[in-house]
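Take a look at the structure below.
The values are calculated or read from the model by the stated rules, or taken from the named source; none is laboratory data. Bear in mind that the values here come from a model prediction, so they are computed numbers and not experimental data. Backbone-built Cβ (ideal geometry, glycine too); neighbour counts: all protein chains shown. In case anyone asks, the SASA skips ligands and DNA or RNA and just uses the protein heavy atoms, side chains included. Shrake-Rupley method; radii C 1.70, N 1.55, O 1.52, S 1.80 Å.
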Amino acid sequence: MAENGASPVALELVPALPIPDHLIGEVRSKLAYVDEAIARAEITGDGDHIHLTLHQPIDDARQAQLDEKVQRVVTSMVKGAFRPKVQVLEDHLDRPAPYTQDPMVELLQRGEVSQEIPGVFALGPRLARLMAFFEDRFVELADSFQAPPYRFPTLIPAHYLERVNYFHAFPHSLTFATHLREDLDVIDHFAGQAACDEHGLVAPPASFAQVQALLSPAVCYHLYFSLADRPLPGGQLAATAVGNCFRYEAINLASLERLWNFTMREIIFVGPKDFVLENRETARQRMQPVFKEIGLAYRMESANDPFFIGEFRKQAAFQSAFQLKFEIRARLPFSDSTLAVGSYNYHQDFFGRSLNISLPDGSPAHTGCVAFGLERIAYAFLAQHGLDPANWPQWVREAANG
Ligand code: ATP
Ligand code: ZN
(Lines give C-alpha, C1' and ligand atoms only; values in the text may rest on other atoms or scores of the structure.)
(Ligands and ions follow the chains in the order given, each with its own letter.)
Protein backbone atom coordinates (compact mmCIF):
# COMPACT_ATOMS: atom_id res chain seq x y z
CA MET A 1 0.00 0.00 0.00
CA ALA A 2 1.17 3.51 -0.77
CA GLU A 3 0.65 6.52 1.49
CA ASN A 4 -2.96 7.65 2.19
CA GLY A 5 -4.03 4.05 1.73
CA ALA A 6 -4.03 4.45 -2.09
CA SER A 7 -2.85 1.49 -4.15
CA PRO A 8 0.18 1.69 -6.41
CA VAL A 9 -0.58 1.65 -10.11
CA ALA A 10 1.43 0.46 -13.08
CA LEU A 11 2.04 2.71 -16.06
CA GLU A 12 3.68 1.61 -19.29
CA LEU A 13 5.29 4.14 -21.63
CA VAL A 14 6.93 3.74 -25.00
CA PRO A 15 10.11 5.83 -25.16
CA ALA A 16 10.25 8.36 -27.99
CA LEU A 17 13.53 6.74 -29.04
CA PRO A 18 14.54 3.15 -28.29
CA ILE A 19 17.03 3.14 -25.43
CA PRO A 20 20.26 1.39 -26.43
CA ASP A 21 21.44 -1.26 -23.97
CA HIS A 22 24.50 0.71 -22.81
CA LEU A 23 22.18 3.54 -21.66
CA ILE A 24 19.42 1.50 -20.01
CA GLY A 25 20.97 1.71 -16.53
CA GLU A 26 21.75 5.43 -16.86
CA VAL A 27 18.27 6.38 -18.09
CA ARG A 28 16.60 4.15 -15.50
CA SER A 29 18.50 5.79 -12.67
CA LYS A 30 17.47 9.26 -13.90
CA LEU A 31 13.77 8.29 -13.99
CA ALA A 32 13.97 8.36 -10.19
CA TYR A 33 14.14 12.17 -10.39
CA VAL A 34 11.39 12.75 -12.94
CA ASP A 35 8.33 12.98 -10.73
CA GLU A 36 7.49 12.40 -7.08
CA ALA A 37 4.66 10.10 -8.18
CA ILE A 38 7.18 7.48 -9.37
CA ALA A 39 7.85 4.68 -6.89
CA ARG A 40 9.72 2.36 -9.24
CA ALA A 41 11.07 2.51 -12.78
CA GLU A 42 12.17 -0.32 -15.05
CA ILE A 43 13.19 -0.42 -18.69
CA THR A 44 12.74 -3.60 -20.69
CA GLY A 45 15.88 -5.35 -21.95
CA ASP A 46 15.29 -4.24 -25.53
CA GLY A 47 14.90 -0.60 -24.45
CA ASP A 48 11.43 -0.39 -26.05
CA HIS A 49 9.26 -0.03 -22.97
CA ILE A 50 9.37 1.82 -19.69
CA HIS A 51 7.43 0.33 -16.79
CA LEU A 52 6.66 2.75 -14.00
CA THR A 53 4.99 2.05 -10.69
CA LEU A 54 3.26 5.10 -9.26
CA HIS A 55 2.50 5.56 -5.58
CA GLN A 56 -1.16 6.16 -6.44
CA PRO A 57 -3.38 6.79 -9.47
CA ILE A 58 -2.98 10.16 -11.24
CA ASP A 59 -5.39 11.99 -13.54
CA ASP A 60 -4.92 12.37 -17.31
CA ALA A 61 -3.42 15.85 -17.09
CA ARG A 62 -0.80 14.70 -14.56
CA GLN A 63 -0.09 11.65 -16.68
CA ALA A 64 0.47 13.81 -19.76
CA GLN A 65 2.93 15.92 -17.74
CA LEU A 66 4.72 12.87 -16.45
CA ASP A 67 4.93 11.37 -19.94
CA GLU A 68 6.41 14.60 -21.29
CA LYS A 69 9.08 14.62 -18.56
CA VAL A 70 9.98 10.98 -19.16
CA GLN A 71 10.33 11.64 -22.89
CA ARG A 72 12.50 14.67 -22.16
CA VAL A 73 14.89 12.46 -20.21
CA VAL A 74 14.95 9.83 -22.93
CA THR A 75 15.47 12.30 -25.75
CA SER A 76 18.22 14.30 -24.12
CA MET A 77 20.15 11.22 -23.02
CA VAL A 78 19.64 9.01 -26.06
CA LYS A 79 19.45 11.31 -29.09
CA GLY A 80 22.83 11.46 -30.79
CA ALA A 81 24.49 9.36 -28.08
CA PHE A 82 27.18 7.00 -29.27
CA ARG A 83 28.22 3.75 -27.67
CA PRO A 84 31.36 4.38 -25.63
CA LYS A 85 34.23 2.01 -26.24
CA VAL A 86 34.61 0.31 -22.88
CA GLN A 87 38.27 -0.21 -22.12
CA VAL A 88 38.97 -3.12 -19.78
CA LEU A 89 42.26 -2.75 -17.88
CA GLU A 90 41.87 -5.84 -15.68
CA ASP A 91 39.41 -8.69 -15.68
CA HIS A 92 39.30 -10.88 -12.57
CA LEU A 93 35.58 -11.53 -12.61
CA ASP A 94 36.17 -15.29 -12.65
CA ARG A 95 37.84 -15.35 -9.22
CA PRO A 96 36.03 -17.83 -6.96
CA ALA A 97 33.09 -16.17 -5.21
CA PRO A 98 31.39 -19.00 -3.35
CA TYR A 99 28.50 -17.04 -1.80
CA THR A 100 25.41 -16.58 -3.95
CA GLN A 101 22.89 -14.78 -1.71
CA ASP A 102 22.23 -11.09 -1.19
CA PRO A 103 24.18 -10.46 2.03
CA MET A 104 21.70 -7.75 2.98
CA VAL A 105 19.14 -10.37 4.01
CA GLU A 106 21.48 -12.02 6.49
CA LEU A 107 22.95 -8.70 7.63
CA LEU A 108 19.47 -7.43 8.49
CA GLN A 109 18.49 -10.72 10.17
CA ARG A 110 21.56 -10.68 12.37
CA GLY A 111 21.10 -7.02 13.28
CA GLU A 112 24.44 -6.18 11.61
CA VAL A 113 22.76 -3.36 9.69
CA SER A 114 19.70 -1.34 10.53
CA GLN A 115 18.08 1.17 8.25
CA GLU A 116 17.42 4.60 9.70
CA ILE A 117 15.79 5.95 6.54
CA PRO A 118 16.34 4.81 2.93
CA GLY A 119 20.03 5.17 2.13
CA VAL A 120 21.07 5.73 5.75
CA PHE A 121 22.21 2.72 7.78
CA ALA A 122 23.76 1.97 11.14
CA LEU A 123 26.44 -0.71 10.71
CA GLY A 124 27.44 -3.31 13.27
CA PRO A 125 30.82 -4.84 14.13
CA ARG A 126 31.04 -7.26 11.17
CA LEU A 127 30.86 -4.44 8.64
CA ALA A 128 32.74 -1.96 10.80
CA ARG A 129 35.70 -4.34 11.09
CA LEU A 130 35.68 -5.16 7.40
CA MET A 131 35.57 -1.48 6.50
CA ALA A 132 38.49 -0.82 8.86
CA PHE A 133 40.42 -3.64 7.20
CA PHE A 134 39.86 -2.15 3.73
CA GLU A 135 40.65 1.32 5.08
CA ASP A 136 44.02 0.01 6.28
CA ARG A 137 44.79 -1.25 2.76
CA PHE A 138 43.94 2.16 1.24
CA VAL A 139 45.99 3.99 3.86
CA GLU A 140 48.92 1.69 2.98
CA LEU A 141 48.45 2.70 -0.65
CA ALA A 142 48.47 6.38 0.38
CA ASP A 143 51.64 5.77 2.44
CA SER A 144 53.34 4.22 -0.60
CA PHE A 145 53.01 7.67 -2.25
CA GLN A 146 54.05 9.46 0.98
CA ALA A 147 50.65 11.14 0.77
CA PRO A 148 50.09 12.93 4.10
CA PRO A 149 46.70 12.75 5.82
CA TYR A 150 44.19 15.59 5.73
CA ARG A 151 40.87 16.01 7.51
CA PHE A 152 38.02 17.80 5.79
CA PRO A 153 34.63 18.96 7.03
CA THR A 154 31.39 17.22 6.22
CA LEU A 155 29.88 20.53 5.12
CA ILE A 156 30.99 22.24 1.95
CA PRO A 157 30.19 25.89 1.14
CA ALA A 158 27.62 26.45 -1.61
CA HIS A 159 29.91 28.89 -3.38
CA TYR A 160 32.64 26.22 -3.60
CA LEU A 161 30.34 23.89 -5.47
CA GLU A 162 29.13 26.73 -7.66
CA ARG A 163 32.69 27.50 -8.67
CA VAL A 164 33.29 23.97 -10.00
CA ASN A 165 30.00 23.76 -11.91
CA TYR A 166 28.60 21.14 -9.54
CA PHE A 167 25.09 22.61 -9.52
CA HIS A 168 24.93 22.24 -13.26
CA ALA A 169 26.44 18.76 -13.48
CA PHE A 170 24.89 16.97 -10.48
CA PRO A 171 21.89 18.99 -9.18
CA HIS A 172 19.83 15.87 -8.54
CA SER A 173 22.13 14.41 -5.91
CA LEU A 174 22.71 17.51 -3.75
CA THR A 175 21.94 17.53 -0.03
CA PHE A 176 21.45 20.94 1.57
CA ALA A 177 22.26 21.98 5.12
CA THR A 178 20.40 24.79 6.80
CA HIS A 179 19.46 26.03 10.28
CA LEU A 180 16.73 28.12 11.83
CA ARG A 181 16.94 31.82 11.13
CA GLU A 182 18.40 33.85 13.97
CA ASP A 183 15.02 35.19 15.06
CA LEU A 184 13.55 34.57 18.49
CA ASP A 185 9.99 34.30 17.15
CA VAL A 186 11.02 31.73 14.55
CA ILE A 187 12.98 29.68 17.10
CA ASP A 188 10.23 29.86 19.73
CA HIS A 189 7.64 28.84 17.17
CA PHE A 190 9.76 25.92 16.01
CA ALA A 191 10.48 24.76 19.54
CA GLY A 192 6.77 24.79 20.32
CA GLN A 193 5.37 23.36 17.09
CA ALA A 194 7.94 21.22 15.29
CA ALA A 195 6.83 17.65 14.71
CA CYS A 196 7.35 14.93 12.15
CA ASP A 197 4.84 13.28 9.85
CA GLU A 198 5.52 10.20 7.69
CA HIS A 199 7.41 12.36 5.17
CA GLY A 200 9.69 14.08 7.67
CA LEU A 201 9.83 17.33 9.58
CA VAL A 202 6.88 19.71 9.39
CA ALA A 203 7.90 23.34 9.85
CA PRO A 204 7.26 26.54 7.84
CA PRO A 205 9.88 26.74 5.05
CA ALA A 206 10.40 30.41 5.97
CA SER A 207 11.86 29.27 9.32
CA PHE A 208 15.03 28.13 7.59
CA ALA A 209 17.99 30.29 6.71
CA GLN A 210 19.32 30.58 3.18
CA VAL A 211 21.56 27.62 2.34
CA GLN A 212 25.23 28.48 2.88
CA ALA A 213 26.52 24.96 2.97
CA LEU A 214 25.74 21.52 1.63
CA LEU A 215 26.73 18.06 2.77
CA SER A 216 29.86 17.28 0.85
CA PRO A 217 29.48 14.96 -2.17
CA ALA A 218 33.19 14.08 -2.43
CA VAL A 219 36.41 14.36 -0.47
CA CYS A 220 38.93 15.67 -2.99
CA TYR A 221 37.10 18.96 -3.65
CA HIS A 222 38.10 20.23 -0.22
CA LEU A 223 41.77 19.81 -1.07
CA TYR A 224 41.44 21.64 -4.38
CA PHE A 225 39.69 24.56 -2.67
CA SER A 226 42.40 24.76 -0.04
CA LEU A 227 44.89 25.22 -2.90
CA ALA A 228 42.81 27.76 -4.86
CA ASP A 229 44.04 31.10 -6.19
CA ARG A 230 47.75 30.57 -5.64
CA PRO A 231 50.75 28.73 -7.00
CA LEU A 232 50.81 25.06 -6.04
CA PRO A 233 53.36 24.68 -3.19
CA GLY A 234 56.27 22.55 -4.42
CA GLY A 235 54.74 22.21 -7.88
CA GLN A 236 53.12 18.85 -7.10
CA LEU A 237 51.53 17.05 -4.18
CA ALA A 238 49.82 13.91 -3.02
CA ALA A 239 47.33 13.80 -0.13
CA THR A 240 44.86 11.43 1.43
CA ALA A 241 41.66 11.80 3.45
CA VAL A 242 38.57 9.86 4.39
CA GLY A 243 35.18 11.46 4.79
CA ASN A 244 31.45 11.19 4.91
CA CYS A 245 29.97 11.85 1.47
CA PHE A 246 26.37 12.49 0.53
CA ARG A 247 24.57 11.81 -2.71
CA TYR A 248 20.81 11.79 -2.74
CA GLU A 249 19.74 8.97 -5.04
CA ALA A 250 15.93 9.03 -4.54
CA ILE A 251 14.22 5.67 -5.19
CA ASN A 252 17.56 4.29 -6.35
CA LEU A 253 18.63 4.17 -2.70
CA ALA A 254 18.73 0.45 -2.04
CA SER A 255 20.60 -1.67 0.50
CA LEU A 256 24.28 -0.86 0.98
CA GLU A 257 24.73 -0.63 -2.79
CA ARG A 258 23.50 2.92 -3.08
CA LEU A 259 23.59 5.10 0.00
CA TRP A 260 22.65 8.68 0.69
CA ASN A 261 25.40 8.88 3.31
CA PHE A 262 28.57 6.88 2.66
CA THR A 263 32.27 6.92 3.41
CA MET A 264 34.96 7.55 0.86
CA ARG A 265 38.74 7.24 1.19
CA GLU A 266 40.59 9.21 -1.44
CA ILE A 267 44.20 9.52 -2.50
CA ILE A 268 44.58 12.76 -4.40
CA PHE A 269 47.25 13.97 -6.80
CA VAL A 270 47.79 17.58 -7.90
CA GLY A 271 50.55 18.67 -10.27
CA PRO A 272 51.64 18.37 -13.90
CA LYS A 273 49.69 16.05 -16.20
CA ASP A 274 52.30 13.27 -16.22
CA PHE A 275 52.61 13.29 -12.43
CA VAL A 276 48.86 12.77 -12.05
CA LEU A 277 48.50 10.15 -14.78
CA GLU A 278 51.56 8.16 -13.73
CA ASN A 279 50.45 8.08 -10.10
CA ARG A 280 46.94 7.03 -11.07
CA GLU A 281 48.42 4.14 -13.02
CA THR A 282 50.87 3.24 -10.23
CA ALA A 283 47.97 3.17 -7.77
CA ARG A 284 46.13 0.72 -10.00
CA GLN A 285 49.17 -1.54 -10.23
CA ARG A 286 49.79 -1.42 -6.48
CA MET A 287 46.20 -2.37 -5.66
CA GLN A 288 46.13 -5.31 -8.08
CA PRO A 289 47.92 -7.80 -5.76
CA VAL A 290 46.01 -6.46 -2.76
CA PHE A 291 42.64 -7.20 -4.34
CA LYS A 292 43.98 -10.62 -5.36
CA GLU A 293 44.94 -11.43 -1.77
CA ILE A 294 41.58 -10.20 -0.53
CA GLY A 295 39.94 -12.56 -3.02
CA LEU A 296 37.87 -9.89 -4.76
CA ALA A 297 36.33 -10.82 -8.11
CA TYR A 298 36.21 -7.63 -10.16
CA ARG A 299 36.82 -5.94 -13.45
CA MET A 300 38.48 -2.60 -13.95
CA GLU A 301 37.00 -0.67 -16.85
CA SER A 302 36.45 2.81 -18.24
CA ALA A 303 33.35 4.58 -16.94
CA ASN A 304 31.60 7.91 -16.64
CA ASP A 305 30.13 9.97 -13.82
CA PRO A 306 26.33 10.09 -13.39
CA PHE A 307 25.90 13.60 -14.83
CA PHE A 308 22.39 14.98 -14.84
CA ILE A 309 20.21 14.72 -17.90
CA GLY A 310 21.16 17.89 -19.80
CA GLU A 311 24.90 17.44 -19.22
CA PHE A 312 25.01 13.68 -19.54
CA ARG A 313 25.59 13.00 -23.22
CA LYS A 314 28.32 15.56 -23.77
CA GLN A 315 30.18 14.96 -20.50
CA ALA A 316 30.00 11.16 -20.66
CA ALA A 317 31.35 11.20 -24.21
CA PHE A 318 34.15 13.51 -23.11
CA GLN A 319 35.12 11.32 -20.15
CA SER A 320 35.09 8.27 -22.35
CA ALA A 321 37.13 9.83 -25.18
CA PHE A 322 39.85 11.01 -22.81
CA GLN A 323 39.75 7.95 -20.50
CA LEU A 324 39.19 10.16 -17.51
CA LYS A 325 37.55 7.56 -15.27
CA PHE A 326 38.14 3.89 -14.56
CA GLU A 327 36.08 1.92 -12.08
CA ILE A 328 36.76 -1.20 -10.08
CA ARG A 329 33.51 -3.08 -10.57
CA ALA A 330 33.14 -5.95 -8.11
CA ARG A 331 30.99 -8.91 -8.97
CA LEU A 332 27.67 -9.36 -7.15
CA PRO A 333 26.98 -13.05 -7.72
CA PHE A 334 23.42 -12.91 -6.34
CA SER A 335 22.25 -10.47 -9.01
CA ASP A 336 24.74 -11.44 -11.70
CA SER A 337 25.83 -7.81 -11.91
CA THR A 338 28.76 -5.62 -10.89
CA LEU A 339 29.05 -2.71 -8.48
CA ALA A 340 31.64 0.11 -8.54
CA VAL A 341 33.66 -0.09 -5.34
CA GLY A 342 36.33 2.39 -6.37
CA SER A 343 37.33 4.76 -9.13
CA TYR A 344 40.56 6.11 -10.60
CA ASN A 345 39.86 9.61 -11.87
CA TYR A 346 41.74 12.18 -13.92
CA HIS A 347 40.14 15.62 -14.12
CA GLN A 348 42.69 17.11 -16.56
CA ASP A 349 43.20 20.78 -15.60
CA PHE A 350 39.48 21.34 -14.82
CA PHE A 351 40.02 22.14 -11.12
CA GLY A 352 43.32 23.89 -11.81
CA ARG A 353 41.56 26.23 -14.24
CA SER A 354 38.31 26.68 -12.31
CA LEU A 355 40.11 27.34 -9.04
CA ASN A 356 43.20 29.05 -10.36
CA ILE A 357 45.79 26.60 -8.99
CA SER A 358 48.97 27.27 -10.92
CA LEU A 359 52.12 25.26 -11.62
CA PRO A 360 55.57 26.88 -11.54
CA ASP A 361 55.41 27.51 -15.33
CA GLY A 362 52.15 29.43 -14.82
CA SER A 363 49.91 26.77 -16.38
CA PRO A 364 46.93 25.36 -14.43
CA ALA A 365 47.55 22.26 -12.29
CA HIS A 366 46.12 18.90 -13.26
CA THR A 367 44.33 16.76 -10.68
CA GLY A 368 43.31 13.17 -10.18
CA CYS A 369 42.00 11.01 -7.39
CA VAL A 370 41.70 7.37 -6.46
CA ALA A 371 38.45 6.98 -4.49
CA PHE A 372 37.13 3.93 -2.65
CA GLY A 373 33.65 3.51 -1.21
CA LEU A 374 34.13 1.71 2.10
CA GLU A 375 30.55 0.46 2.57
CA ARG A 376 30.45 -0.73 -1.02
CA ILE A 377 33.68 -2.68 -0.88
CA ALA A 378 32.65 -4.37 2.37
CA TYR A 379 29.24 -5.17 0.91
CA ALA A 380 30.72 -6.56 -2.33
CA PHE A 381 33.18 -8.68 -0.34
CA LEU A 382 30.32 -10.14 1.71
CA ALA A 383 28.28 -10.70 -1.46
CA GLN A 384 31.14 -12.83 -2.78
CA HIS A 385 32.32 -14.59 0.39
CA GLY A 386 29.37 -14.54 2.78
CA LEU A 387 29.13 -13.51 6.41
CA ASP A 388 30.94 -16.46 7.93
CA PRO A 389 34.65 -15.60 8.41
CA ALA A 390 35.50 -19.32 8.24
CA ASN A 391 34.81 -19.06 4.48
CA TRP A 392 36.85 -15.90 3.93
CA PRO A 393 40.30 -15.73 2.31
CA GLN A 394 42.91 -16.19 5.03
CA TRP A 395 44.23 -12.63 5.16
CA VAL A 396 40.79 -11.10 5.68
CA ARG A 397 39.80 -13.83 8.15
CA GLU A 398 42.83 -13.18 10.31
CA ALA A 399 42.70 -9.40 10.14
CA ALA A 400 38.99 -8.56 10.17
CA ASN A 401 37.43 -11.30 12.29
CA GLY A 402 37.05 -9.86 15.76
P1 ATP B 1 35.35 12.64 -8.96
O2 ATP B 1 36.33 13.25 -8.01
O3 ATP B 1 35.88 12.38 -10.32
O4 ATP B 1 34.01 13.34 -8.96
P5 ATP B 1 34.74 10.93 -6.86
O6 ATP B 1 36.00 11.09 -6.11
O7 ATP B 1 33.61 11.81 -6.47
O8 ATP B 1 35.05 11.18 -8.38
P9 ATP B 1 33.17 8.57 -7.52
O10 ATP B 1 33.81 7.79 -8.60
O11 ATP B 1 31.99 9.39 -7.87
O12 ATP B 1 34.32 9.43 -6.82
O13 ATP B 1 32.81 7.64 -6.30
C14 ATP B 1 33.87 6.88 -5.71
C15 ATP B 1 33.34 5.68 -5.02
O16 ATP B 1 32.44 6.06 -3.98
C17 ATP B 1 32.50 4.76 -5.91
O18 ATP B 1 33.30 3.88 -6.66
C19 ATP B 1 31.69 4.01 -4.85
O20 ATP B 1 32.42 2.96 -4.30
C21 ATP B 1 31.46 5.07 -3.80
N22 ATP B 1 30.12 5.63 -3.97
C23 ATP B 1 29.73 6.59 -4.83
N24 ATP B 1 28.40 6.85 -4.70
C25 ATP B 1 27.94 6.02 -3.72
C26 ATP B 1 26.67 5.80 -3.10
N27 ATP B 1 25.58 6.49 -3.46
N28 ATP B 1 26.59 4.86 -2.13
C29 ATP B 1 27.67 4.15 -1.74
N30 ATP B 1 28.89 4.32 -2.28
C31 ATP B 1 29.03 5.23 -3.26
ZN1 ZN C 1 37.74 12.59 -5.93
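Over the chain, give the accessible area per residue in Å² for a 1.4 Å probe, as an integer.
With all protein chains present, the chain gives 48 Å² per residue.
Which trypsin sites (Lys or Arg not before Pro) does the stretch 11-107 hold that lie in a coil by DSSP with at most 11 other beta carbons within 10 Å?
When the trypsin sites (Lys or Arg not before Pro) of the stretch 11-107 are filtered for loop state and at most 11 Cβ neighbours within 10 Å, K79, K85 remain.
Can you give the accessible area of F208, probe radius 1.4 Å, in Å² rounded to 10?
About 70 Å², ignoring ligands and nucleic acids.
Taking Cα pairs under 8 Å and at least six residues apart, what relative contact order does the stretch 294-402 come out at, in percent?
Answer for the stretch 294-402 is 23 percent.
Given a cut-off of under 8 Å on Cα pairs at least six residues apart, what relative contact order in percent is computed for the stretch 150-215?
That works out to 50 percent.
If you check each cysteine of the chain for another cysteine whose beta-carbon is under 4.7 Å away, which ones come up empty?
Here C196, C245 come out as lacking a disulfide-compatible partner, given the Cβ-Cβ threshold of under 4.7 Å.
Quick one: of K85/K273; K69/K325; K30/K292; K30/K273, which pairs are farther than 25 Å apart, Cα to Cα?
With Cα atoms farther than 25 Å apart: K69/K325; K30/K292; K30/K273.
Of all the accessible heavy-atom surface of the chain, with the other protein chains kept in place and a 1.4 Å probe, what percent is carbon and sulfur?
Accessible surface attributable to carbon and sulfur in the chain totals 51 percent.
Which trypsin sites (Lys or Arg not before Pro) in the stretch 123-198 pass both tests, a DSSP loop state and at most 16 other beta-carbon atoms within 10 Å?
Answer by residue number: R151, R181.
Scan the stretch 176-282 for GluC sites (Glu not before Pro) in coil per DSSP, keeping those whose Cβ has at most 12 other Cβ atoms within 10 Å, and list them by number.
Within the stretch 176-282, the qualifying GluC sites (Glu not before Pro) (loop, at most 12 other Cβ atoms within 10 Å) are E182, E198.
What percent do you get for the relative contact order of the chain when only Cα pairs under 8 Å and 6+ apart count?
Across the chain, relative contact order equals 20 percent.
Apply 1/(1 + (r/R0)^6) to the Cβ-Cβ distance of S144 and R110, taking R0 = 41 Å, and write down the FRET efficiency to the nearest 0.05.
0.70
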